[in-house]
Amino acid sequence: MKHKRLLYYALFFVGFIGFSFSFSQIIPFLTELGYSASERGYILSFSALVGIIAQFVFGIVCDRMQKTKPMLILSILILMGSAAVTYQLKNPLFSVMLLWASFTVGFFRTSSNLLETWVYTIDEDTRQHFGTIRVFGSIGWALGSFVLGFLIRYFGYSVISWASLPMTLIALALIFPLGDSDYQDASQSFSFQDLSLLVKNRQFVLVLLVFFFLFLVYNMDMITVIDYMLTLDAGSEIIGFKWSLQAVVELPLMIAGWRLLTKYGLKNIVVFASISLMIRFIGIGLTNQIWLILAFSSLQLIFFPLILLSQKEAVNQQVPAHLRASGHLLMTSVTSNIPVILMPLISSWASNIMDLSTLILLGGVSVIFPILLMLFYKEPSIDES
């Protein structure tokens, strides 16, 4: 068991280096090519649509096959190919960049979510140690983001295509000898009619809405906050350092998060993490100093690890075993991708009537809504779950 766990650690470390290469510099890359804020918004919105469709389809196929690993491998291969093309493009037609960049970002989200879902559902051991396993993903993301900023400085953005290739191949080699998701406790096989069970489950819909609102605000970090930092003359090295900082500070609660969930319960943990998100964006909205933006961004240490674990545990609490892959990917597709469609549109519209700092500030204040919603969540008893 310990030997397998070492393979999971290595996989997440290498895999998230590759994920950081494909995604962390996409906004500066598009900016460097001269795309306007609205054009970048269209690309991110379309990428979210790609992600929604991909995660929905891949989730259904996983549950029908009762296997997750084959679709994970396919998703990573698509990501590798699209990223290799995207970062080699030089002043293409907007439609060409829209296509390739959207597949890169969309399948980054699909691949990373599938990887997490696969490991979380392999067996009880990987579920209980998921936080520790995910720590190595954060370390890989931190290292990859930091190193990539300097590689770009000396070799340009085209280096991303070549740098991500060996990481992806190593990750695939680590995936093959590992097991697949455990469907043995599923009392029945998958049918399309069963998908209605998800939308009819009021508690599942409630947490879906809570995480949707939280990630809608959280996506300002990737879009609005980065644009705000660029207006304050932050370069690719600073942007890379921000991603690295956020990945490093996640580590303690990635390890301890499962124990906190067990001790304090899902509802309390989500409310606590939400308050940290509120403070974070209110603070960023009130400052124009890069170092303070980075300081408030370090509140990632509370929000992301606790919400990541809570999100996956909420699905396990509310979704039947034979629908877990669909449940996890429906959750991540709604919470990770729809906000990416909406936030660029909201940001683009709102920037015409207010500055970016005010928009970020209002985003922080709006977190009060998911906090209030979460108060109505009822956790199942041990027997029910």
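The values are calculated or read from the model by the stated rules, or taken from the named source; none is laboratory data. In this text the structure is predicted, and so the values were computed from the model without any measurement. Reconstructed Cβ throughout: ideal geometry from the backbone, glycine too, with neighbour counts over all protein chains shown.
General observations
- Any chance S45 is within 28 Å of M97 (Cβ to Cβ) and buried (at least 23 other Cβ atoms within 10 Å of the Cβ): no
- Remark: A325 matches the filter, which requires a residue to be part of a helix (DSSP H, G or I) and either farther than 21 Å from L260 by Cβ or in contact with a His (Cβ under 8 Å, 6 or more places away or on another chain) (or both).
Residues are listed down the side, and each one gets a yes or a no for (1) modelled with pLDDT under 80; (2) hydroxyl-bearing (S, T, Y); (3) within 16 Å of M220 (Cα to Cα); (4) touching a Leu at 6+ places or on another chain (Cβ under 7 Å):
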site: I346; (1), (2), (3), (4): no, no, yes, no
site: T358; (1), (2), (3), (4): no, yes, yes, no
site: G364; (1), (2), (3), (4): no, no, yes, no
site: F376; (1), (2), (3), (4): no, no, no, yes
site: D383; (1), (2), (3), (4): yes, no, no, no
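- Filtering the range 300-313 for residues that are surrounded by fewer than 18 Cβ atoms within 10 Å (Cβ to Cβ) and of a type outside the set (S, T, N, Q) leaves an empty set.
- Note on the range 201-211: residues that are surrounded by fewer than 18 Cβ atoms within 10 Å (Cβ to Cβ) and within 17 Å of the chain's Cα centre (by Cα) amount to 1.
- Residue among R324, R280 that alone is crowded, with 17+ Cβ neighbours inside 10 Å and either farther than 27 Å from G51 by Cβ or at pLDDT 90 or above (or both): R280
- Scanning the range 214-236 for residues that are in a loop (DSSP other than H, G, I, E, B) and of a type in the set (A, V, I, L, M) yields M220, M222, I223, L232, A234.
- Scanning the range 276-302 for residues that are of a type in the set (V, I, T), in a helix (DSSP H, G or I) and in contact with a helix residue (DSSP H, G or I) (Cβ under 7 Å, 6 or more places away or on another chain) turns up I282, I284, I290, I293, I302.
- Note on the range 51-67: residues that are buried (at least 24 other Cβ atoms within 10 Å of the Cβ) and either within 15 Å of the chain's Cα centre (by Cα) or at pLDDT below 80 (or both) amount to 4.
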